[in-house]
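The values are calculated or read from the model by the stated rules, or taken from the named source; none is laboratory data. All figures in this text were calculated on a predicted structure; none of them were measured in a lab. Glycine also receives a Cβ, built like all others from the backbone with ideal geometry; neighbour counts cover every protein chain displayed. Protein only, heavy atoms only, side chains kept; ligands, DNA and RNA dropped before computing areas. Shrake-Rupley method; radii C 1.70, N 1.55, O 1.52, S 1.80 Å.
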Amino acid sequence: MKNIIYKLTFLLFIAGLWSCEKQTLDLEPLNSENSENYYESDENALKAIISVYRSNNSDMLLLSFGDLPSDDAVKGGSGVSDGLQFQEIADFTATSSNPLIGPKWSQLYEVITRSNEVIGSLEAQATLSDSKKIIIGEAKFLRAFAYSKLVEIFGKVPLLDHVPLFAEFETITRSNTEKEVYDFIKKDLDDAIAILPIKGNIDIGRATKGAAQALKARVALRETGYFYNSIMQNRAPEYSSSGLNVNDLWKEVYDQTLAVMNTPGYALLPNYAEVFEIEGENKSETVYDQQYVNDLTVTGWNDLPGNEVPVRLGVRGFGGWGFNQPKDNLFHEFSRNDDVDPRREVTMLSEEWPVGWGYNIVEDIMAGSQIDEYAWIKADPKYDYSIFKTLRKAVPTTKVMPGGRRQIPTNIRVIRYSDVLLMNAEAAFHLGKEQEARERVNEIRERARNSTFPTGSQIGDVDADGYPTEYRPFTGANLPDVSTTGQALLEDIRHERRVELALEGLRYFDIIRTGELSKLNNEEGYIAKKGLWPLPDSEVTIYNLEQNEGY
């Protein structure tokens with residue numbers, strides 16, 4: 001889109017010059033594309049939706065809001081002041097000038113604005129090819145995804161269903177209620193579900209019907225919090241007064257996840273350890289990933305197509321910055337009820353299992369100067385980090401790609417099939433289908449107990465270029481099937497969600513929707529801020545938007 005603006009500006013400049021003299025030649029314009037005819041071709045429409053995906057994929061902060069305010073992760077970094085903005089998110093002490101707040105808001109509204117441009121331009125056409133109809137569905141999926149993040153973080157937000165005219169900017173306001181935002185999201189997803197092809201019938205990486213159904217299930221799951229969390233209830237009384245019953249939401253979760261489960265192409269990968277390696281991308285477990293590649297022909301710091309998250313989360317001293325590190329609470333959750341769970345070693349390295357990526361990472365750190373950069377965490381009990389641990393999951397290698405932090409070709413797993421199964425299990429439980437719930441949980445546990453160590457789990461397990469190799473067998477796993485009923489079964493389902501999806505940016509949202517606020521990193525901070533973070537200073541000032549309570 002930026003190139004089109006440049007071309008139009010150039011043509012207007014030339015037209016101004018030509019207007020000063022009589023034209024003697026009838027010349028064809030050098031470029032006949034403009035903002036009104038750009039979307040006439042399927043090729044240009046595809047370019048436009050790719051720009052929306054690109055905006056969506058520029059989000060490298062998915063885990064900050066989903067893990068740090070919970071009992072799963074501590075900020076990490078080299079010291080208390082390193083990445084202080086992340087600690088403020090974790091503690092609910094962030095102000096509206098926190099350097100994560102503004103970029104998060106802007107990035108999500110960029111997705112929405114680009115989606116609106118695509119939707120409005122295509123829906124204005126008299127006839128649409130099948131390709132363009134699918135692109136509209138993708139744009140609505142991406143718009144819904146952006147709004148699902150905004151409402152979770154900020155609550156009531158401006159709802160834009162088109163690109164505003166200049167005069168409309170003066171009338172932009174926040175939505176009347178949070179339910180209004182969720183209704184908007186679900187309407188977009190219903191439209192996307194009706195249009196998008198199933199997995200396998202569209203290019204890898206593009207949104208599918210299954211992705212839209214799974215996202216709608218996740219959205220309805222989050223909405224159940226308005227019935228279980230008193231802070232959310234008080235903040236959004238429209239849910240209790242609307243006549244909506246919480247079982248209506250559980251039925252929605254159940255139906256949408258079941259639809260995905262009944263669609264060909266989805267299944268758990270046999271080995272949990274493979275899911276987070278590059279060879280596990282875009283396989284049967286993938287419902288929706290943010291896609292990244294390693295393109296060394298692009299050299300700009302902020303324009304690279306790679307994923308910087310593995311660098312943010314990776315081991316300090318081994319190519320990473322050491323943020324988002326596992327807490328003791330999560331470490332011990334894997335051994336609940338005397339479980340011996342291979343997923344723990346896939347999720348993190350620790351003093352108990354120190355080898356990763358073919359090196360004795362933990363021993364090297366504890367014997368070297370890098371341990372000083374972890375000492376501040378271990379010294380303060382509030383960080384819940386008495387055992388040395390570092391993240392393994394989602395960090396496929398300690399080697400930084402040539403060219404820098406944004407050239408790691410690893411996808412971000414946004415929605416996995418195991419999440420779909422566990423959402424279905426929880427919904428089945430609440431709808432009185434306990435046997436189905438147990439079957440879903442046990443399907444997850446069976447895969448887990450038959451999984452291996454991640455690649456590079458023994459010293460020397462690397463190839464000639466230093467990348468980890470070989471999945472070593474995990475012996476002695478102890479993950480029996482669950483046979484519980486009632487509240488104990490619900491606790492088993494919640495446990496399984498926590499360990500299966502650990503450090504994937506979901507834990508905080510699971511805590512608040514269930515109302516288990518004592519498990520938050522800072523329960524008092526959450527209550528004082530009504531469970532929301534502040535709107536950016538600039539948006540409050542420019543559009544005269546009401547700031548969230550407590551800020």
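Before moving on, here are some points about what is shown:
- Cβ-placed point charges (K, R +1; D, E -1), dipole of the chain about Cα centre in debye, nearest 20: 200 debye
- Tail beyond 13 Å, pair distance distribution of segment 91-145 (Cα, percent): 65 percent
- Qualifying lysines (Cα of each under 23 Å from Cα of LYS389; at least 8 residues distant if same chain): LYS75, LYS327, LYS378, LYS399, LYS519
- The simple spin-label model puts a point 7 Å past each Cα toward its Cβ; for MET261 and SER518 those points are separated by 3.2 nm.
- Cross-link partners of LYS133 among aspartates and glutamates, defined as those whose alpha carbon lies under 20 angstrom from its own and excluding same-chain residues fewer than eight positions apart: GLU36, GLU40, ASP42, GLU43, GLU117, GLU123, ASP161, ASP188, ASP190, ASP191, ASP203.
- Placing dummy labels 7 Å off each Cα toward the beta-carbon, the span from TYR543 to ASN329 is 3.3 nm.
- Solvent-accessible surface of the chain, averaged per residue with a 1.4 angstrom probe and all protein chains in place: 41 square angstrom.
- Where only DSSP H runs of four or more residues are counted, the chain gives -14000 deg cm²/dmol as its mean residue ellipticity at 222 nm, each run worth -39500 (n - 2.57).
- Charge sum, other residues only, whose C-beta stays under 12 Å from ALA428's C-beta, Lys/Arg counted +1 and Asp/Glu -1: -1
- Residue pairs, from the table LYS149/LYS186; LYS283/LYS393; LYS104/LYS529; LYS156/LYS251, whose Cα atoms sit over 22 Å apart: LYS156/LYS251
- A convex hull fitted to the Cα coordinates of segment 31-117 yields 141 cubic angstrom per residue.
- Expressed as a whole percent, the accessible area of the chain that falls on carbon and sulfur atoms is 52 (1.4 Å probe).
- For segment 412-532, the convex hull spanned by the alpha carbon atoms encloses 157 Å³ per residue.
- Selection from GLY314, TYR383, GLY76 lying farthest towards where the dipole of the chain points positive, charges on Cβ: TYR383
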